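Notes for the one structure printed next.
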Amino acid sequence: MWRDKYEEFKSSMPDHNCLGRRLPGGSWDLYAGIVPIFCDFNKIWGVDVDDIYAPVNFQNDHWLAIWISIPKRHIVVLDSIVKHISKAQLDEVMELFLTMVPYLLVECTSTDEKRIKYSLEPFTYERATVGVPQCTTGDCGVYALKYIECHVLGYTLFPAAFCEKNVKHIWEKMVHDIYHETPLLRRHQR
């Protein structure tokens, strides 16, 4: 959603308060936790939610995970094949998150009193490399999802079993879990 509309956002003119840029359609719903529909939880970014996790696709051939910390104004990138994306390429991928997340927080906040809490200054980011399991080929998507899962579950270190020799088992377990966690009704809808 955001990647496709980022240039439009950048080129739109802000008002005298640096607000009023054109956010992509659906941004408010994302901010308020109304979408995505399969997990609408009605929790507001920066109020009820401090951490946001997302898989990010790079050029339709590589997946990485990001952890956005709203209180720290910082994003951590977890990448299973660090050599796949150069620093310059990663800077380009991350620019929209670094710019649009703080803008969304300021623009969508309901009161001026709350708006003061935020800044339009871009977030910072880092690519974590120490202790981050690496893969050699083709499994970057499952690694990105496992990074998110481990972080959400509070692991400070990744489990030793999270390694390339176990990736087939990890894939199978993810498929099993997704199948069994998806309500039967949704499985049959098309």
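The values are calculated or read from the model by the stated rules, or taken from the named source; none is laboratory data. Please read all numbers here as calculations on a predicted model, not as lab measurements. When we count neighbours, we look across all protein chains shown, and the Cβ atoms used for this are built from the backbone with ideal geometry, even at glycine. Surface accessibility is based on the protein's heavy atoms, side chains included, excluding ligands, DNA and RNA. Shrake-Rupley method; radii C 1.70, N 1.55, O 1.52, S 1.80 Å.
List of remarks:
- If the condition is being open to solvent by less than 40 Å² (accessible area, probe 1.4 Å) and aromatic (Phe, Trp, Tyr), then region 116-168 contributes Tyr118, Phe123, Tyr143, Tyr147, Phe162.
- When residues of region 73-116 are limited to those that are more than 22 Å from Leu30 (Cβ to Cβ) and in a loop (DSSP other than H, G, I, E, B), the one farthest from the chain's Cα centre (by Cα): Ile116
- Looking across region 102-122, just one residue is without any contact (Cβ under 8 Å) to a residue 40 or more places away in the chain and under 13 Å from Arg21 (Cβ atoms), and that is Pro102.
- Of all residues in region 31-43, those satisfying the criterion of being open to solvent by 50 Å² or more (accessible area, probe 1.4 Å) and either out of contact with any helix residue (DSSP H, G or I) (no Cβ under 9 Å at 6 or more places or on another chain) or of a type in the set (A, V, I, L, M) (or both) are Ile34, Ile37, Cys39, Phe41, Asn42, Lys43.
- Search result, residues across region 23-39 that are at pLDDT 85 or above and part of a loop (DSSP other than H, G, I, E, B): Leu23, Pro24, Gly25, Gly26, Ala32, Gly33, Ile34
- Filter result (of a type outside the set (Gly, Ala, Ser) and open to solvent by less than 50 Å² (accessible area, probe 1.4 Å)) within region 45-62: Trp45, Val49, Ile52, Val56, Asn57, Phe58, His62
- Within region 83-106, none of the residues are at positive phi and either crowded, with 17+ Cβ neighbours inside 10 Å or modelled with pLDDT under 90 (or both).
- Of the numbered criteria (1) within 19 Å of the chain's Cα centre (by Cα); (2) closer than 20 Å to Arg73 by Cα, the one Tyr143 fails is (2).
- Among residues of region 5-30 that are over 17 Å from Leu105 (Cα atoms) and open to solvent by 70 Å² or more (accessible area, probe 1.4 Å), those with a beta-carbon under 9 Å from a residue that is of a type in the set (A, V, I, L, M, F, W, C) and in a loop (DSSP other than H, G, I, E, B) at least six positions away or on a different chain give the pairs Lys5/Leu23.
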